[in-house]
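Asker: Have a look at this one.
The values are calculated or read from the model by the stated rules, or taken from the named source; none is laboratory data. Note that this is a predicted model, so its numbers are computed, not measured. Here the Cβ positions follow ideal geometry from the backbone for every residue, glycine too, while neighbour counts run over all protein chains shown. SASA here: full protein model, heavy atoms, side chains in, ligands and nucleic acids out. Shrake-Rupley method; radii C 1.70, N 1.55, O 1.52, S 1.80 Å.
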Amino acid sequence: MVGFLSEISLFRYGASRALRKLCVAIAASVALTVPALAENITIAALGDSLTQGYGLPQEEGFVPQLQAWLSAQGAEATLINAGVSGDTTAGGLSRVAWTLTDDVDAMIVALGGNDLLRGIAPEVSRANLVGILDAAQQKGVPVMLVGVPAPNNYGPEYKAAFDAIYPELATQYEALHFESFLSAITERQDMQGAMRIYMQPDGIHPSAKGVALIVEAMGPSVLELISRAR
């Protein structure tokens, strides 16, 4: 009987020891997994003056306001301002290789406005954006492509060709597509009032209040970009 009870005790001890080992293994697995889920994502915002924050105090520009919005949402992300005033898609293409450092996990591409101001042929702008998207694809970096609608003064054929660039390339490269950087302002009912409140006097660049509207509209898409980067 004593021997039998001893065998039971040994069995219980062995089972308890095995259970403790299992718990330790699970805890170690969770410890390894949680930091990976909470890993900070670095996003490069490759763009022109709209991205750079032209005409605004540094803290009121697009990148700082978007950074604050993401932080308020609890998103673990760091934005890099890779906007250069006056830059075209060609300029973005010339910079993309050194913008996509090993630290960059995702990229926002917001270029094309200066191509329109210069009347650059749509096929040239498309080729430059293809080069940028190719570079991101080679690095395994997900992209959000931000469009810019062409004005009507170049004619309907130019407008149709240019406007098609962004949705078509987004589909081709499986990138996120945000239709227009300024859509949160330009789609308001009172256009005159919106221009007065949300745009700078030059009628091209948003005011600090305009940037806040843009960030509110674009923010959810950036959250999706972060999700893709993870």
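Asker: Consider residue 30 against the criteria (1) modelled with pLDDT under 95; (2) among the hydrophobic types (A, V, I, L, M, F, W, C); (3) open to solvent by less than 70 Å² (accessible area, probe 1.4 Å): it satisfies all of them except one. Which criterion is unmet?
Answerer: Failed condition: (3).
Asker: If the Cβ limit is 7 Å and pairs must be 6+ apart or interchain, which residue in segment 128-142 that is at pLDDT 95 or above pairs with which residue that is charged (D, E, K, R) and assigned to a helix (DSSP H, G or I)?
Answerer: Partner pairs satisfying both residue conditions: 142/228.
Asker: Here's something else I'd like to know. Does residue 48 fit the bill of being modelled with pLDDT of 95 or more, more than 19 Å from residue 148 (Cβ to Cβ) and of a type in the set (D, E, K, R)?
Answerer: Values: modelled with pLDDT of 95 or more: yes; more than 19 Å from residue 148 (Cβ to Cβ): no; of a type in the set (D, E, K, R): yes.
Here the answer is no, as residue 48 does not meet what is asked.
Asker: Still on this structure: Which condition breaks for residue 202 when tested against (1) within 26 Å of residue 42 (Cβ to Cβ); (2) in contact (Cβ under 8 Å) with a residue 12 or more places away in the chain; (3) out of contact with any helix residue (DSSP H, G or I) (no Cβ under 8 Å at 6 or more places or on another chain)?
Answerer: Going through the list (1) within 26 Å of residue 42 (Cβ to Cβ); (2) in contact (Cβ under 8 Å) with a residue 12 or more places away in the chain; (3) out of contact with any helix residue (DSSP H, G or I) (no Cβ under 8 Å at 6 or more places or on another chain), residue 202 breaks only (1).
Asker: Which of the residues that make up segment 67-81 are open to solvent by less than 50 Å² (accessible area, probe 1.4 Å) and of a type in the set (Gly, Ala, Ser)? Full working, then the answer.
Answerer: Start the filter on segment 67-81 by keeping residues that are open to solvent by less than 50 Å² (accessible area, probe 1.4 Å), which leaves 67, 69-70, 75, 77, 79.
Passing the criteria: 75, 77.
Asker: Picking from 148, 130, 124, which residue would you name as being within 27 Å of residue 100 (Cα to Cα), in contact with an Asp or Glu (Cβ under 8 Å, 6 or more places away or on another chain), among the hydrophobic types (A, V, I, L, M, F, W, C) and not in a strand (DSSP E or B)? Break it down into steps so the answer makes sense when it comes.
Answerer: Details: 148 fails: in contact with an Asp or Glu (Cβ under 8 Å, 6 or more places away or on another chain); 130 fails: in contact with an Asp or Glu (Cβ under 8 Å, 6 or more places away or on another chain).
None of the other options fit; the residue is 124.
Asker: Exactly one condition in (1) assigned to a helix (DSSP H, G or I); (2) touching a strand residue (DSSP E or B) at 6+ places or on another chain (Cβ under 9 Å); (3) more than 21 Å from residue 104 (Cβ to Cβ); (4) of a type in the set (Gly, Ala, Ser) is not met by residue 180; state its number.
Answerer: Answer for residue 180: the failing condition is (1).
Asker: Checking the condition open to solvent by 30 Å² or more (accessible area, probe 1.4 Å) and either in contact with a Ser or Thr (Cβ under 8 Å, 6 or more places away or on another chain) or among the hydrophobic types (A, V, I, L, M, F, W, C) (or both), which residue from 136, 127 passes? Step through it out loud before you land on a result.
Answerer: On the way: 136 fails: open to solvent by 30 Å² or more (accessible area, probe 1.4 Å).
From the options 136, 127, the qualifying one is 127.
Asker: From the list 204, 185, 165, 197, exactly one residue is touching a strand residue (DSSP E or B) at 6+ places or on another chain (Cβ under 7 Å) and either open to solvent by 70 Å² or more (accessible area, probe 1.4 Å) or part of a helix (DSSP H, G or I) (or both). Which is it?
Answerer: Details: 204 fails: touching a strand residue (DSSP E or B) at 6+ places or on another chain (Cβ under 7 Å); 165 fails: touching a strand residue (DSSP E or B) at 6+ places or on another chain (Cβ under 7 Å); 197 fails: touching a strand residue (DSSP E or B) at 6+ places or on another chain (Cβ under 7 Å).
One residue alone meets the criteria, 185.
Asker: Considering only residues that are open to solvent by less than 10 Å² (accessible area, probe 1.4 Å), farther than 21 Å from residue 206 by Cβ and assigned to a helix (DSSP H, G or I), which ones fall in segment 82-121?
Answerer: The one that is open to solvent by less than 10 Å² (accessible area, probe 1.4 Å), farther than 21 Å from residue 206 by Cβ and assigned to a helix (DSSP H, G or I): 96.
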